Amino acid sequence: MPGEALIVVDMQRDFMPGGALPVPEGDKIIPRCNEYIREFRKRGALIVATRDWHPENHVSFREHGGIWPKHCVQNTPGAEFVVELPADAVIISKATEPDKEAYSGFEGTDLADILRRNEVRRVYICGVATEYCVRATALDALKHGFEVYLLRDAVKGIKPQDEERALKELENAGVKVL
């Protein structure tokens with residue numbers, strides 16, 4: 001439907017089992033994310049995919065003072081998408097500056113402007129990890145005035161208790177969990 005966007009958050013190789021920073025069973029939601037991509041495309045929705053797109057010396061990496069192992073480095077296999085994106089999907093690269101962390105797809109990007117230019121009012125979100133980048137993207141979408149829906153069967157968190165806490169926080173903030 002016009003007025004809608006599907007935001008696929010960080011469905012990248014490094015966040016899958018076997019990757020540098022895996023979300024446990026993150027690969028289990030790949031088929032569901034692909035179904036949503038096909039379904040929303042048929043409805044005429046804008047398809048957006050966010051990705052971590054870190055330089056080699058990113059501040060989030062342990063060797064540079066951060067808390068995470070090196071992951072999703074620009075132009076490496078670990079940064080590749082694991083979902084089937086259409087050729088016209090909008091790719092949003094975040095955390096691209098060495099000294100700036102970014103969990104949300106809106107942080108340091110032009111995602112809000114792209115959505116507004118495409119007359120999007122409602123965003124649907126799927127991807128990983130629920131308590132980090134999915135949470136931050138959903139909360140920022142609300143701040144930017146969008147109606148936000150979380151596709152519960154197509155998100156995966158790292159720790160079940162943290163994921164549940166994040167889902168409650170999102171619902172309390174106004175995100176509709178479907």
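Looking only at the range 109-123, count every residue that is in contact (Cβ under 8 Å) with a residue 60 or more places away in the chain and of a type in the set (Asp, Glu) and tell me the total. Full working, then the answer.
As a first pass, look at the range 109-123 and keep what is in contact (Cβ under 8 Å) with a residue 60 or more places away in the chain: 111, 114-115, 118-123.
Add one more test, that the residue is of a type in the set (Asp, Glu), and what stays is 119.
Total satisfying the criteria: 1.
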* Have a look at Asp14, Asp99 and point out the one that is in contact with a His (Cβ under 9 Å, 6 or more places away or on another chain), among the acidic types (Asp, Glu), surrounded by 18 or more Cβ atoms within 10 Å (Cβ to Cβ) and closer than 28 Å to Lys143 by Cβ. => Asp14
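Listed here are the residues, each with its yes/no results for (1) in contact (Cβ under 8 Å) with a residue 40 or more places away in the chain; (2) closer than 17 Å to Met11 by Cα; (3) not polar (S, T, N, Q).
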{"residue": "His54", "(1), (2), (3)": "yes, yes, yes"}
{"residue": "Asn57", "(1), (2), (3)": "yes, no, no"}
{"residue": "Gly65", "(1), (2), (3)": "no, no, yes"}
{"residue": "Pro77", "(1), (2), (3)": "yes, yes, yes"}
{"residue": "Phe81", "(1), (2), (3)": "yes, yes, yes"}
{"residue": "Glu84", "(1), (2), (3)": "yes, yes, yes"}
{"residue": "Val90", "(1), (2), (3)": "yes, yes, yes"}
{"residue": "Glu101", "(1), (2), (3)": "yes, no, yes"}
* Structure fact -> When (1) in a loop (DSSP other than H, G, I, E, B); (2) over 14 Å from the mean Cα position of the chain (by Cα) are applied to Val23, the one that fails is (2)
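Would you be able to tell me the number of residues in the range 70-83 that are of a type outside the set (A, V, I, L, M, F, W, C) and surrounded by 14 or more Cβ atoms within 10 Å (Cβ to Cβ)?
Within the range 70-83, the subset of a type outside the set (A, V, I, L, M, F, W, C) is 70-71, 74-78, 80.
Imposing the further condition that a residue be surrounded by 14 or more Cβ atoms within 10 Å (Cβ to Cβ) reduces the set to 70-71, 74, 76, 78.
Count: 5.
The rows are residues; the columns are (1) crowded, with 21+ Cβ neighbours inside 10 Å; (2) at pLDDT below 95; (3) in contact with a strand residue (DSSP E or B) (Cβ under 8 Å, 6 or more places away or on another chain); (4) assigned to a strand (DSSP E or B).
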position: Pro86; (1), (2), (3), (4): no, no, yes, no
position: Ile91; (1), (2), (3), (4): no, no, yes, yes
position: Gly105; (1), (2), (3), (4): yes, no, yes, no
position: Thr109; (1), (2), (3), (4): no, no, yes, no
position: Ala112; (1), (2), (3), (4): no, no, no, no
position: Arg116; (1), (2), (3), (4): no, no, no, no
position: Cys126; (1), (2), (3), (4): yes, no, yes, yes
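The values are calculated or read from the model by the stated rules, or taken from the named source; none is laboratory data. This is a predicted model, so every value here is computed, not measured. Heads up, the Cβs are rebuilt from the backbone with ideal geometry, glycines too, and the neighbour counts pull from every protein chain shown.
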